[in-house]
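Enquirer: Would you mind keeping the following structure in view while I ask a few things?
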Amino acid sequence: MIRKSLNPIDVHVGSRIFLMRKIRKLTQSKLGHELNVTFQQIQKYEQGKNRVSASRLYQLSQILKTPITFFFDDFPPELQVAQDYQHRQAEMTDENRMLNRPETMEFVKYYYEIRDKDIRNKLLRMIKVLGEA
């Protein structure tokens, strides 16, 4: 049987759902309950196996208290499509592992609570300079 490739946009959106769900400290079951779907459906969204419709994405943005654009922020155009979720997990880079650290999630949470986009961009530039030092 030929396995269908995952769409890189669906994978990226799913990873952003996962990230924000963790920041908001929601379980897959709790988020599923809020969306009136099973936790298995949330797993499939997060893995990019199932595409999130526009109306569902709007619901997610409301529940997770984040703008819809968050789900598309930082989309790398060169993102390669993984053949399956386990393969992607096995090849996860150290940089991707850092995203799952509690302090990273806390930082991202507070970063996106800054409403002024210019201030967020200045903060990001400052962090880049400090990281290079």
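The values are calculated or read from the model by the stated rules, or taken from the named source; none is laboratory data. Keep in mind it's a predicted model, so treat the numbers as computed, not measured. Here the Cβ positions follow ideal geometry from the backbone for every residue, glycine too, while neighbour counts run over all protein chains shown.
Enquirer: Using beta carbons and a limit of 7 Å, which pairs, at least six apart or on different chains, have the first residue in the range 36-56 and surrounded by fewer than 17 Cβ atoms within 10 Å (Cβ to Cβ) and the second one among the small types (G, A, S)?
Expert: Partner pairs satisfying both residue conditions: T38/G32; F39/S29; F39/G32.
Enquirer: Yes or no: K44 at pLDDT 90 or above and basic (K, R)? Before the answer, list the steps.
Expert: On the way: at pLDDT 90 or above: yes; basic (K, R): yes.
Yes.
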